[in-house]
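Report on the structure given below.
We did not get these values from a lab; they are worked out from the coordinates using the rules stated. Every value quoted in this text rests on a predicted model; they were computed, and no experiment measured them. Reconstructed Cβ throughout: ideal geometry from the backbone, glycine too, with neighbour counts over all protein chains shown.
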Amino acid sequence: MHATAIAQPNIALIKYWGKRNISKNLPAVGSISITLSDLYTEVSVNFKPHLSEDELIINGEQNFKMLPRIAKCVDNILGEKRSRVQVSSISNFPIAAGLASSASAFAATTKAVASAAELSYTNLELAKFAAKASGSAARSFYGGFVELKNIKDGIEVKSICEASSWPLEVIIAITETRKKAVGSSLAMEISRKTSPFYNSWVSQQNHDLGIARTAIAQKDFKKLAAITEHNCLKMHSVMWASKPPIIFWNSATITCMQMVRKLQEEGLNVFFTIDAGPQVKAICLKEDSHLVRTKFEEISGVKQVMQSSLGAAARLVKSS
Ligand code: PMV
């Protein structure tokens, strides 16, 4: 009747942007991500039959805005005729700011709901439930490097390389802590309907996925760096050319990208990626992480720098 689960956000190297089926929330493209270890969301789920409505508490405060999405996520797992639930979540990083908090939140919620209801679903089945709420959440059910593949009528998700076998470090420059103006789902639909680059984005994705898969298998840092940056900039180009344009970056976002370029010229093994927000994620080898972090901290406009290694799958921490 009660369960607590923890999930870490994941950062896409080859990005998911666009949906092929809105009602099933199926992605238009496959994606490859890395699961983090040091950022997390912990979600506790309690069944409360006496409540007339579900209750959502985020970081200690009741939240009504996210409640419909969470309630829908619970409905997907348990059906609509169910007891009301109280869902409490705590994240150790800014939420709804382009740091993949929806991935960790929906992965942990799905895991905790199924366990509190004593349902024994496989990891992949749980990942598919989570994907209905947030496409990227499915990837947080696996650790290390994770690929989400489009298959007929659905998705497949699996880890393609363990975190320990290629221990990269992620340095995150937070350039804005306020919530973003437009959510990913709406922004994806605007892109699909209006961006002149959307179709080529979708048609080139398998090519990018293939290069990234090979780079990860060969642990070829430079190859992974080049395809990740290219894929990220292509996704943002799709957004910039949408009507109205979707621009998540600020001036510190660009300064951080330029800094990564400068460090690359100096011979450091580092590359950047940016999601639906203004934060810059630099992925680097462990030995270069201290310098990358220091350089980000020196940039005016960078409000906070976070660091993470690669981590493990969503997991249960308590159930009774
Ligand atoms: O899963 P969503 O709906 O939060 O969308 C995620 C979109 C990106 O973060 C921009 C890309 C990705 O693959 O994570």
- Measure nothing fancy, just the Cα-based angle from helix 67-78's long axis to the longest principal axis of the chain, in degrees from 0 to 90, nearest 10. 70 degrees
- Inter-label distance, nm, simple model (7 Å from Cα along the C-beta direction), Glu80/Lys149: 3.5 nm
- Which of the residue pairs Lys132/Lys158; Lys180/Lys262; Lys65/Lys318 have a Cα-Cα distance greater than 24 Å in the structure shown? Lys180/Lys262; Lys65/Lys318
- Spin-label model distance (nm) - Arg20 vs Ser120, 7 Å beyond Cα toward Cβ: 3.3 nm
- Between Trp240 and Asp220, what is the spin-label point distance in nm, taking each point 7 Å from the Cα along the Cα→C-beta axis? 2.8 nm
- Message: If each residue of separation counts as 0.36 nm, what is the full-extension length gain between His207 and His2 once their alpha-carbon separation is subtracted?
- Response: 69.4 nm
- Message: I need the peptides 228-240, 111-123 ranked by packing, meaning the mean over residues of other C-beta atoms within 10 angstrom, with the highest value on top.
- Response: 228-240, 111-123
- With N denoting the number of residues in segment 55-207, provide Rg(C-alpha) divided by 2.2 N^0.38 Å, to two decimal places. 1.13
- Query: Against the longest alpha carbon principal axis of the chain, how many degrees, from 0 to 90 and to the nearest 10, is the axis of helix 184-194 turned?
  - Reply: 60 degrees
- Task: Based on a Kirkwood Rh over C-alpha pairs, give the Stokes-Einstein translational diffusion coefficient of segment 1-95 at 20 °C and viscosity 1.002 mPa s in µm²/s.
- Result: 141 µm²/s
- Message: Along its three principal axes, how long is segment 33-142 when you only count alpha carbons? Whole Å, largest extent first please.
- Response: 39, 32, 18
- Dimensionless Rg ratio for segment 163-312, taking C-alpha atoms and the 2.2 N^0.38 Å reference: 1.07
- Rounded to the nearest 5, the percent of antiparallel DSSP beta bridges in the chain equals 95 percent
- Task: Treating the angle as unsigned and between 0 and 90°, give the value, to the nearest 10°, between the Cα long axis of helix 221-240 and the longest Cα principal axis of the chain.
- Result: 70 degrees
- Message: Kirkwood hydrodynamic radius, the chain, all distinct C-alpha pairs: what's the number in Å?
- Response: 19.7 Å
- Task: Quick one: plug the Kirkwood hydrodynamic radius of segment 140-244 (C-alpha pairs) into Stokes-Einstein at 20 °C, 1.002 mPa s, and report D in µm²/s.
- Result: 134 µm²/s
- Note on the structure: Stretched fully, the stretch from Ser309 through Ile254 gains (0.36 nm per residue minus C-alpha distance, one decimal, in nm) 17.4 nm
- Added length on full extension, which subtracts the Cα-Cα distance from 0.36 nm per residue, Glu53 to Asp38: 2.1 nm
- Note on the structure: Computed on Cα atoms, Rg of segment 246-293 relative to 2.2 N^0.38 Å comes out at 1.15
